[in-house]
Each structure stands twice: as structure tokens, then as C-alpha cells.
Amino acid sequence: MIDHNALQRFLNVDSVEALATSHSGWISSQLKEKLERQKHFVESIAVAGEPFISKLQTIQGINA
């Protein structure tokens with residue numbers, strides 16, 4: 001689950017479309033390089049604000 005509004009604010013992106021375009025460019029540029037496992041992405045804990053976490057817990061119920 002991704003809080004797109006928070007991500008847009010963090011990355012200073014104006015719209016979901018601009019975020020998608022940027023993301024696609026980042027992926028394309030990384031695929032041109034030698035692929036390596038990036039520990040900070042696969043072993044870190046997700047972080048979010050309290051409102052997003054509360055909403056997620058409500059949606060997910062006991063599984064959250």
C-alpha cells in the first residue's frame with residue numbers, strides 16, 4: 001500500500017501522472033545498469049503517517 005499523496009508531497013510532484021512518468025523513467029534507467037539487490041529496499045520497515053496507518057488498519061482488519 002502506498003500513500004500517493006504523501007509520496008507526491010515528499011517528491012514534490014504535482015500529479016499522479018507526473019509521479020508515474022518519473023517512476024517509469026527511474027525504472028528504465030536502473031534496468032540499463034547492472035542489476036543488484038539493494039538492501040535498503042528489501043529489508044527496511046515501511047513508514048507512514050498515523051492517518052494512513054489507521055486507514056490501512058481499518059481496511060486490513062486483524063491482518064494489519
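Figure legend. Inter-residue proximity from segment 43-64: first residues closer than 19 Å to Arg9 by Cα, second residues outside any helix (DSSP H, G or I) and modelled with pLDDT under 70, beta-carbon distance below 9 Å, spacing 6+ or different chains. Indicated pairs: Ile53/Ala64. Among the residues of segment 1-45, just one is within 23 Å of Lys55 (Cβ to Cβ) and of a type in the set (Lys, Arg), namely Arg9.
The values are calculated or read from the model by the stated rules, or taken from the named source; none is laboratory data. Please read these numbers as outputs of a predicted model, since none were measured by experiment. Note that we place each Cβ from the backbone using ideal geometry, even for glycine, and neighbour counts take in every protein chain shown.
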